[in-house]
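Below is one structure, written out as structure tokens, with a few remarks after it.
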């Protein structure tokens, strides 16, 4: 096995940190409302947008070389949802649009920063060249 893939919610900072920082996954695919309406309490009120985590087992971690683009997310989207579902929806739309634009420009997620109030996905150029299947 060279590659393991799974989905996760790009607004969940803790999951992003685990996947990108701890495991070293890259992200270069974003699916809008992948699962449609769901009864999940965690997803409640938002569309089920997902990114695909790619864990390349035998490849070195992606490096943050060259231009780095950032997409900011809140540290805790669930708290924002409790305060204002409309604000959470606005954040989801902004994040979606930024991810899709960066992917269109051949950027991919190679890093992640996590702070107290916010986190940021770190995008670098070269999605079409990094880690390819045979």
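The values are calculated or read from the model by the stated rules, or taken from the named source; none is laboratory data. Here the structure is a predicted model, which means the values were calculated and not measured. For neighbour counting, all protein chains shown are included, and Cβ atoms are generated from backbone atoms with ideal geometry for every residue, glycine included.
Computed quantities for the displayed model
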| read-out | value |
| --- | --- |
| Failed criterion for residue 18 (all others in (1) modelled with pLDDT of 95 or more; (2) in contact with a helix residue (DSSP H, G or I) (Cβ under 6 Å, 6 or more places away or on another chain) hold) | (2) |
| Any hit, the range 69-77, residues being assigned to a loop (DSSP other than H, G, I, E, B), touching a residue at least 24 places away in the same chain (Cβ under 8 Å) and touching a helix residue (DSSP H, G or I) at 6+ places or on another chain (Cβ under 6 Å) | yes |
| Residue list for the range 102-118, restricted to those being in contact with a strand residue (DSSP E or B) (Cβ under 9 Å, 6 or more places away or on another chain) and not in a strand (DSSP E or B) | 102, 103, 105, 106, 117 |
| The range 26-40 residues that are within 13 Å of residue 95 (Cβ to Cβ), paired with ones that are part of a loop (DSSP other than H, G, I, E, B) (beta carbon under 6 Å, 6 or more apart) | 32/49 |
| Selection count, the range 113-134, where residues are without any contact (Cβ under 8 Å) to a residue 12 or more places away in the chain and crowded, with 18+ Cβ neighbours inside 10 Å | 0 |
| Residue count for the range 32-59, restricted to those that are touching a strand residue (DSSP E or B) at 6+ places or on another chain (Cβ under 6 Å) and either closer than 22 Å to residue 80 by Cβ or assigned to a loop (DSSP other than H, G, I, E, B) (or both) | 3 |
| When residues of the range 99-112 are limited to those that are surrounded by fewer than 19 Cβ atoms within 10 Å (Cβ to Cβ) and within 12 Å of the chain's Cα centre (by Cα), the one nearest to residue 50 (Cα to Cα) | 100 |
| Per-region count, the range 4-30, residues surrounded by 13 or more Cβ atoms within 10 Å (Cβ to Cβ) and part of a strand (DSSP E or B) | 7 |
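Condition check ((1) surrounded by 13 or more Cβ atoms within 10 Å (Cβ to Cβ); (2) under 18 Å from the mean Cα position of the chain (by Cα); (3) within 12 Å of residue 26 (Cβ to Cβ)) across all residues:
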| residue | (1), (2), (3) |
| --- | --- |
| 51 | yes, yes, yes |
| 66 | no, no, no |
| 72 | yes, yes, no |
| 83 | no, no, no |
| 90 | no, yes, no |
| 96 | yes, yes, no |
